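One structure below.
The values are calculated or read from the model by the stated rules, or taken from the named source; none is laboratory data. All values reported here derive from a predicted model rather than from experimental measurement. Positions of Cβ are generated from backbone atoms using ideal geometry, with glycine treated the same way; all protein chains shown enter the neighbour counts.
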């Protein structure tokens, strides 16, 4: 009987040692870019979270002894889920900058009607936004952003141990303020195209006033579309340094909020 109780206690502690980190890891995988896209099967996400958990647990501090079927265990589980979701969402905001910028450019150049389903958000977005998302995803993988994300996750178990203080109200407020960077970054990305298209629309307005017999709708759309594509082509070389700088700022923010750096 005593041996059975000891065995049950050992199993319970072993489950707890892997359960809390798994909840944080699977929440991050569900919300993070690349890993959390909708076309990635849920089975793969769970297997990836299990594999990362097995690698992370030996490097993380031992979790406190908490009864699995207690109210305290539910609070600890909720805390781990919030940490993982918040960390993944912060990194995902970097991609939303280019998603918003592409949406602004596409709408102003006349491609607002051409939409596709975004695999990360599951909503319809202009095809130009999807182009920027695919491009930044490739850059993210080329710069080993996924490995940096796993490294930050591993270090978070030391800075924010299981059943520790977790995220404070100030941390949540900092994340909300960081979300405001989407609008600033998206506007800066779309600014050259907006300025060029504004000049084109002004020129078309002058032509319409000077020669009303011209069908401005038939010639205006091809012109704005052509100018938009030219501006996109010219600005493509700036995407890599812009995304690289944004990724550095993002991971610095993650270190400040989640690692106390």
Could you tell me whether the stretch 201-221 includes any residue that is modelled with pLDDT under 75 and within 24 Å of the chain's Cα centre (by Cα)?
no
Right, residue 163: surrounded by fewer than 19 Cβ atoms within 10 Å (Cβ to Cβ), closer than 22 Å to residue 245 by Cβ, touching a helix residue (DSSP H, G or I) at 6+ places or on another chain (Cβ under 7 Å) and at pLDDT below 80 or not?
no
